[in-house]
Amino acid sequence: MRFRIAIVIGILLAFATASGAAEETPLLAHSPTVSKTLVVFAYGGYLWSVPREGGDARQLTTGGHEGLPVFSPDGKWIAFTAMYDGNADVFVMPSEGGEPRRLTWHPAADIAVGWTPDGKRILFHSAREAYADFDRLYTVASEGPERIRTTGIRCGSATPYISFPTATGR
């Protein structure tokens, strides 16, 4: 009899724990970036923003699968990687939301990773000129399409080869 009571209590505790866990399901938000006033993160394939002090999240994008947001140094712009046409490219949009502007069009995946300190160029990595499975770092102007510059740094290298772009961008 005691064994049956123990089993019933165990089952009731299991159901109580399961129902409590269902109420506390974690939000699978990822890739947060922080400015002076906002936190932007990826959730459900879209970008969302929330005030740094807390509050309700607001959806910023709706058109595809967006992620990896990065604030510009002044916090006015967000660079991110998105797949609108089946290929990962770099996009930029105002931090308060708006129409994303595409900056890269290469068949290789272009992944946004940061900004130059002056906020004029976006840093991204890509396998567009890769060999031996090393991506390279590139920059593209945040104002729109322009010749893409290579940084000369190979991603994944323990001791990267570094060269600085010349006046021609190479």
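Return the pairs, sorted by first residue and then second, in which the second residue is part of a loop (DSSP other than H, G, I, E, B) and charged (D, E, K, R), the first residue lies in region 74-86 and is farther than 16 Å from I111 by Cα, the beta carbons are less than 6 Å apart, and the residues are 6+ apart or on different chains. Taking only residues 6 or more apart or on different chains, the pairs are G75/K36. T139 falls short of the stated requirement of being surrounded by fewer than 16 Cβ atoms within 10 Å (Cβ to Cβ) and among the β-branched types (V, I, T). Looking only at residues of region 25-57 that are of a type in the set (A, V, I, L, M) and under 15 Å from K76 (Cβ atoms), we find that the one that is surrounded by the most Cβ atoms within 10 Å (Cβ to Cβ) is V40.
On the given criteria, is G152 modelled with pLDDT under 65, under 20 Å from the mean Cα position of the chain (by Cα) and over 22 Å from W77 (Cα atoms)? It is false that G152 is modelled with pLDDT under 65, under 20 Å from the mean Cα position of the chain (by Cα) and over 22 Å from W77 (Cα atoms). Of all residues in region 63-85 being under 22 Å from P51 (Cα atoms) and surrounded by fewer than 19 Cβ atoms within 10 Å (Cβ to Cβ), which is farthest from the chain's Cα centre (by Cα)? My answer is D74.
Restricting the first member to region 32-50 and to residues that are in contact (Cβ under 8 Å) with a residue 40 or more places away in the chain, and the second to residues that are surrounded by fewer than 18 Cβ atoms within 10 Å (Cβ to Cβ) and of a type in the set (K, R), the beta-carbon pairs closer than 8 Å and six or more apart or on different chains are S35/R52; L38/R52; S49/R58.
Among residues of region 105-117 that are over 8 Å from V90 (Cα atoms), those with a beta-carbon under 7 Å from a residue that is β-branched (V, I, T) at least six positions away or on a different chain give the pairs V113/V70; G114/V70; W115/V70; W115/I122; T116/T139.
With respect to the stated conditions, A127 is surrounded by fewer than 20 Cβ atoms within 10 Å (Cβ to Cβ), small (G, A, S) and part of a strand (DSSP E or B).
The values are calculated or read from the model by the stated rules, or taken from the named source; none is laboratory data. Note that the structure is a prediction, hence the values are computed from the model and not measured. Glycine gets a Cβ as well: all are built from the backbone with ideal geometry, and neighbour counts include every protein chain shown.
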